[in-house]
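Notes to accompany the following structure.
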Amino acid sequence: MKITEPHKEHIVAHHFANSKHEFDSARLGMWIFLVTEVLFFGALFVAYAFLRWSYPEIFVEAHHILSWKMGALNTAILIFSSFTMVMAIRSAQLNQRLKTSLYLITTMICAFGFLVVKFFEYSAKIHHGYLPAKYFVAHGASEYLHLFFGLYFTMTGLHGIHVLVGIGLIIWLLLRNRKGHFYSNYYTPLEMVGLYWHFVDLVWIFLFPLFYLVG
Amino acid sequence: MSNHDHSDHHFIVPARYYVATLLSLLVLTIITVVVAQYNFGGWNLPIALLVAVIKAGLVINIFMGLRWNRTFDRIAFLGSLVFLFIFFLFSFSDELLRPYRNPIEAVHHDIKSPVKPLVKGAEHHE
Amino acid sequence: MSESVPGTNYINAVSGIKSWLTTLDHKRIGIMYLLFIAISFGLGGFFALALRLELLNPGQLIVSAKQYNQLFTLHGAVMVFLFIVPSIPASLGNFLLPIQLGAKDVAFPRLNLASLYLYVFGAAFCVYSMVSGAADTGWTFYTPYSSTTDTSVISMTLGAFILGFSSIFTGINFIVTVHKMRAPGMSWFKLPLFTWSLYATAIIQVLATPVLGITLLLLVVERLVGIGIFDPALGGDPVLFQHFFWFYSHPAVYIMILPAMGVMSELVTTFSKKNIFGYKMVAFSSIAIAVISFLVWGHHLYVSGQSDYADMIFSFLTYLVAIPSAVKVFNWIATLYNGEIELKAPFLYFIAFLFLFTIGGFTGIMLASLSLDVHLHDTYFVVAHFHYVMMGGTVMAFLGGIHYWWPKMFGKMYSEKAAVVAWFFIMAGFNMVFFTQFILGTKGMPRRYYSYLDQFQPLHAFSTVGTWVLTVGFLIMAFYLVESLLNGEPAGDNPWGSLGLEWTTQSPPITENFADTPHIIHGPYDYDKVKLS
Amino acid sequence: MQNKTITESLIASNGWMPKAASTFAPNIDGLFNFILYGSILLFVGILIVTALFIIKYRKRPGYSPPSGPHITHNTFLELAWTVPPLILTIFIFYWGFTGFLDMAVAPKNSLDISVTGKKWMWQFEYKNGTKTLGEIVVPVNTPVSLIMSSEDVIHSFYVPNFRIKRDVIPNRYTKQWFEATRTGTFQIFCTEYCGDGHSQMLGVIRVVSADDYEKWLANAGSADDGLPPEKLGEKLYTSKGCVACHSVDGTNKIGPTWKGLFGKTRAYAGGSTVADENYIKESIENPTAKVVTGYQPVMPSFKGLLNDKEIAGVIAYIKTLK
């Protein structure tokens, strides 16, 4: 990538007064989108609380089945990717285009790493038949264990979909950064995707102890 | 319309904040994992949640920059937590309070087996 | 800019289908929404006519029990998700919000267009459900019925899920637009009350709709793989589904009614040439209603096996939400005092709203009462109550809004005489259909019944005849509105002599709304301070 | 509707509500009337004021509205229309709440009856093991507790004359009590939408004197001994709820009609058979074994609910339907 090539001047959309106006509006919009995401995942956590209240024993049983090592590894990966994400934004603020791309690529690699770990976890569960009710075939499990795995796959699956979407967004950012779209006065998409990515991290910060650690 | 307003409106957070946050988050992850190896009975969940909340606070304030943000972004985000709490509290108030008046109404039974008639020897449940 | 060419407006600035499909102009998006919403209303109305016809006598007349169940499900789902939730905000709101703020567009025009496309996409899922063994769950999708029935539930649920996101996008856009896009001088307390109400609506859309999304998603997953959270056969709790569902669907009632109240405030000030009585009370009561609406959903669950203590809390809070709504009604009436009232078509719908919504409100007081609701719950009384609020309230205000802003949107007038005739038909028909159902309900007629006891037949038949009268009214309206589009008289920029900012620009407005960015000096209803030339 | 048991008319009453028949009704009807007449009073007031304003201040030649600044605020007025309604609604809340509490707690000496809802019938079981379908008999002036549960989806047990309603949930028990104040036959509805037969999921409550109740309970199940088989079958057709899904006049309901059924060839998935005695007996006891093409496997098993004599009666009745 030629970093000497000048960045492309950003043109503020016609209905905004200036780039600060545009940036602030976009960030407010993103925060409000995250508000909807909080309620979206939050409702699932309420469902989690209900199941935990009704069937505490299945959570004890399940926490011996899930591997906390895999979960902890994924937690570390996501936290690190959040860090590289803020560093990517910071580099754009400092007009360091190459660094921005490098940090973004690191973030993306972390995201893929997360999914690879998830893939191994999922295959182990599927192999042993720890699945939602219709497909639950595990032996020696207590009567309602399928409820745990129904919720486990729904919540981690939905989170996984968010990670996938995040990967797509990071690729889009990389392409735009290559064309020189981002610089100190315009990095709105970076900031937006960054907020989104931290939110994905945030959800995992709660999923990890609730599913893997607390039995 | 002025397209280029180069006013210095973007506050650039010093990198050491980010590095410190990263390290704290990793340490907290280790703490929560280590603590989980011991059984504190009923305290397991609160301890795990407390650590998670601290971690979330760090991510929100530093990584997501809410600490340096405009007031309304904060109100919006805190508002979402308030409404989530309302949702949790009110739907749980139903589940938790069910046993008090008619204890029988809190009993879950399995519908796969035919409904067990309660009549024989059924006493009053108040 | 386009003001250099006289006669240019947002409609004729660019032409061709493609220019509409790719437009970022909030006005064009609003008009397209209006079109789709009108089609949805027609479709939902068709289902209503069919199911009322079936109820003309007990036993089978035109459809089987299953088809009847599908009909009322489709009527409910189409009317709720495709018509009434987007009705005022997405069509009139989209068109007017930026103009009322003095802005050139909403904050995120692309998101706005995406919202429209999501709406069409979601509607496509619903239509697919209709042709592939329509869902028969009722629009409430209660488990375990919805997780076990063999009809096309998944496509309908996914449709509603997608429509939810369309609604969320509109909400996000409106909140940011109100915060960030106000013209110079447009302080929060100079905002028109319609804008206030859209803002309050957007808060609910953003906070409540995601929970509907997750609920419907869980239902889809429940049917596909059986996660069991809501399915009693797997150990779940069906009452929990009702909590999830009503956490959205009760605030959603206010998504429907709040914008209608906003329209009412605009109508009453313009047609009485009076400053609104208690501006801040009306504005804040919108926000108060939005917030309290999240605390009352359990009043749908008094007899569902919910804990008695929860019943008590929900009933009490429900009475609190009644107060701000009543205050608004009193404020509107007080606004008329010492005014100069013109009985034009839009004002007739103001009267219709006042009349019907008040009845809806009073019957709501009955339903909120714990012991009385035990008898009335899930009877025709409830059906009549929410039609008085939703149709008597929201639809009447929507029609009032369309008649009020029609000249602004299209630059043409409609036939006032025809509008008055249509209004009489609609009022007569509506009360025939639904007042009868209050009587049926108190007598114990349960809702969602394909067949009924012979003794209820005269009342049911009267109600069915009412739907025909109502239909005549709507057909007349469709006719004169289309006629207006084709041959209407030019309306002029401000046919009603209103002070609203939207009336200071040309009709129809130019693409950028205003030739020059307006500077706001007076309030939106300062009829006593500003004399129009 | 072919519900042959005649219940008391819900329409015929002086007020809005059906004629009261339980101890709850007077309080609830009082609350209803209080809100109703209060609302009418307020509503008429609102209409009169609105009409007066519209007439008095309408735009017309020779009228000009008072000049000067508009009144946009009046603390007294605003308090006057906020505080009294608030107090009034809290009073209404309290009234409804106390009435609701009375309905929630059954007296200690109440008579327990177990209720099972299933698509699309009500099944009742008494303490002595007596089972009935679609009909319960209860003594007058005696508290009765219904302990309810469902076998499939959510149903709701509703008796308009008693002003009681309670959802019947698949994996939990719900409880509803009442005390009938007069004898008569009252309608039971299902009020939670439960599918194709929802509107046919009816039943009756027969309120009888204490003596009649004891007699009925002692003879329940054997009272029909004297009937010839086809008459017994005809009786069972309504009392056991067959009427909800099967017609006897050839119309298609949820299940196949009984008219001309006997001796007909029935096609089902995987074969066909002639509808003889054995086929009908099997279809009653194990309905999902041979589901006739074009119908859903929704019929519950009546095994144990009908004895051999009663099954013979049903078959005899079907034979008479040519």
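Overview of results
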read-out	value
Reachable lysines, given that their alpha-carbon falls under 26 Å from the alpha-carbon of residue D:56 and they are not under 8 places away in the same chain	C:273, C:274, C:328, C:344, C:417, C:529, C:531
Pairwise FRET efficiency - residue D:272 versus residue C:63, Cβ, R0 = 41 Å, nearest 0.05	0.90
Within segment D:294-322: backbone nitrogen closer than 16 Å to the residue D:227 label point (7 Å, Cα to C-beta)	D:305-321
Exercise: per-residue mean of other protein chain Cβ atoms within 10 Å, D:156-166	5
Sites residue B:50 and residue A:135 - FRET efficiency at Förster radius 30 Å, r taken between beta-carbons, to 0.05	0.25
Partner chain coverage, peptide B:71-83 - average Cβ within 10 angstrom	6
For segment D:57-126 and segment C:330-376, distance of Cα centres in Å	15 Å
³J(HN,Hα), Karplus 6.51/-1.76/1.60, whole Hz, each residue of segment A:163-177, x for Gly, Pro	4, 4, 4, x, 4, x, 5, 5, 4, 4, 4, 4, 4, 5, 5
Estimated inter-spin distance, residue A:115 and residue C:522, nm [label 7 Å along Cα→Cβ]	6.0 nm
Residue among D:243, D:49, D:204 with the largest mean-square fluctuation in a Gaussian network model of chain D, springs linking Cα atoms under 10 Å	D:49
Rounded to 10°, Cα long-axis angle of helix A:97-127 versus longest principal axis of chain A	10 degrees
Distant-in-sequence amide H partners of residue C:413 (H built 1.01 Å from N, under 5 Å)	C:489, C:491
Under-5 Å amide H pairs with residue D:164, H placed in peptide plane, nonlocal only	D:159
Distance in nm between pseudo-label sites at residue D:303 and residue D:58 (7 Å out along the Cβ direction from Cα)	7.6 nm
Estimated dipole of the protein assembly as shown in Debye, rounded to 20 [Cβ of Lys and Arg +1, of Asp and Glu -1, Cα centre]	1660 debye
Proximal aspartates and glutamates to residue D:319, defined as alpha-carbon separation beneath 19 angstrom and excluding residues fewer than eight positions away on the same chain	D:230, D:234, D:249, D:276, D:277, D:282, D:285, D:308, D:310
Proximal lysines relative to residue C:180, as straight alpha-carbon distance under 25 Å, when same-chain residues fewer than 8 apart are discounted	A:20, C:27, C:104, C:190, C:280, C:408
Efficiency of FRET from Cβ geometry, residue C:475 and residue D:257, R₀ 41 Å, rounded to 0.05	0.50
Those trypsin sites (Lys or Arg not before Pro) in segment A:109-215 that DSSP places in a loop and that have at most 11 other beta carbons within 10 Å	A:179
Residue among D:290, D:108, D:231 with the largest mean-square fluctuation in a Gaussian network model of chain D, springs linking Cα atoms under 10 Å	D:108
Base-10 log of normalised Debye intensity for the protein assembly as shown (one unit scatterer per alpha-carbon) at q = 0.04, 0.06, 0.09 Å⁻¹	-0.24, -0.55, -1.18
Chain C: C-alpha pair distances exceeding 43 Å, %	14 percent
Charge dipole (segment D:27-124, unit charges on Cβ, about Cα centre) - positive-most of D:91, D:62, D:122	D:62
Euclidean distance of C-alpha centroids, segment B:51-102 and segment C:86-159, integer Å	28 Å
Per-residue average of Cβ from other chains inside 10 Å of C:358-371	6
Spacing of the two label points (7 Å from each Cα toward its C-beta) at residue D:210 and residue C:320, in nm	4.8 nm
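Read the figures in this text as sums done on the coordinates, not as results from a lab. Computed from a prediction, not measured in an experiment: that's the story for all the values here. Because the Cβ atoms are built from the backbone with ideal geometry, glycine has one as well, and the counts that use them run over all protein chains shown.
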